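These notes concern the structure reproduced below.
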Amino acid sequence: MTVKQLSLPELVDACRDLGVPAVGLWREPVQAYGAEAAAKLVRDAGLTVTTLCRGGFLTAIDPAERAAALADNRRAVDEAATLGTDTLVLVSGGLPAGSKDLRGARERIADALAELGPYAEEHGVRLAIEPLHPMYASDRCVVSTLAQALDLAERFPARQVGVTVDTYHVWWDDTAPAQIARAGAQDRIHTFQLADWTTPLPEGVLNGRGQIGDGSVDMREWQGHVEAAGYTGAIEVELFNDVLWARDGREVLAETARRFVEHTA
């Protein structure tokens, strides 16, 4: 998504040229290209897929809507397995229309995980609950902190359910370092993502993630937290930014690679 203006073949070529060894993919371009074809494209380029994003949106009350969400998440697991990644990132979903019941929404997420976790494990895929900044709680994700994400994840084996640590969403939370340690002790840090916090936020706030180094987040500090917790996996950069998307994608990817080197250990 950092360079969504690039097609999958363009993305793969640019990663290979820049020496980027792995890529996190999103479902929409994968589905448009075909999961098996996308897997072959990445594999033939010598790249690996770190994660697939995203599953989730599991808070619906209506039985038909819940059934549809579960079916879609099973398809997402299938796609992740086809791509060869062991991690499906979950954005859990916001409040259903007319509801103000955050606790009930989180319980419906747990109910869904009870069904999806074993299915994911059968396919060699882990579910990674991503807490989103509280400004998204109403419409996108009722899981706003790592503590809330871990409270859900710990109901299930770590080989089924863990968490995503995304600097954009947790940098403000002074309890997050302790929660990262808690997650690491249980082998539940399934992926680690970088994005900076810049203000003012754009209208709609969704596409306000800043390029690494442009904002308020100390990337080395957060990298230190996850590594101290035992995380040794890939580090992803995930930027939603209209200004970056309007630029040449290869240029943005090269800039992002440089910034990553400059601002991580």
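The values are calculated or read from the model by the stated rules, or taken from the named source; none is laboratory data. Since the structure is predicted, the reported quantities are computational estimates derived from the model, not experimental observations. Here Cβ is always computed from backbone atoms with ideal geometry, including for glycine, and neighbour counts include all displayed protein chains. In case anyone asks, the SASA skips ligands and DNA or RNA and just uses the protein heavy atoms, side chains included. Shrake-Rupley method; radii C 1.70, N 1.55, O 1.52, S 1.80 Å.
Does ASP166 satisfy the criteria of being farther than 23 Å from SER138 by Cβ and touching a residue at least 40 places away in the same chain (Cβ under 8 Å)? If you could, list the steps in order and put the result at the bottom.
Values: farther than 23 Å from SER138 by Cβ: no; touching a residue at least 40 places away in the same chain (Cβ under 8 Å): yes.
So ASP166 fails the test.
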Are there any pairs with C-beta distances below 7 angstrom linking a residue in segment 195-213 that is at positive phi to a residue that is open to solvent by less than 50 Å² (accessible area, probe 1.4 Å), with the two at least 6 apart or on different chains, and if so which? GLY213/ASP196
Determine the pairs where a residue that is touching a residue at least 24 places away in the same chain (Cβ under 8 Å), located within segment 42-61, has a partner that is among the β-branched types (Val, Ile, Thr) and in a loop (DSSP other than H, G, I, E, B) with Cβ atoms under 8 Å apart, the partner being 6 or more residues away or on another chain. LEU47/VAL20; THR48/THR85; VAL49/THR85; THR50/THR85; THR51/THR85; LEU52/THR85; THR59/VAL142
Might you check whether a residue that is surrounded by fewer than 16 Cβ atoms within 10 Å (Cβ to Cβ), of a type in the set (A, V, I, L, M) and under 20 Å from GLU79 (Cα atoms) occurs anywhere in segment 25-40? yes
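May I ask you to say which residue of PHE192, PHE156, PHE260 is within 21 Å of THR48 (Cα to Cα) and free of Cβ contacts under 8 Å to residues at least 60 places away in the same chain?
Numbers: PHE156 fails: within 21 Å of THR48 (Cα to Cα); PHE260 fails: free of Cβ contacts under 8 Å to residues at least 60 places away in the same chain.
Residue meeting the stated conditions: PHE192.
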Just to verify a result, which residue in segment 17-38, among those that are more than 17 Å from GLN5 (Cβ to Cβ) and assigned to a helix (DSSP H, G or I), is nearest to the chain's Cα centre (by Cα)? ARG27
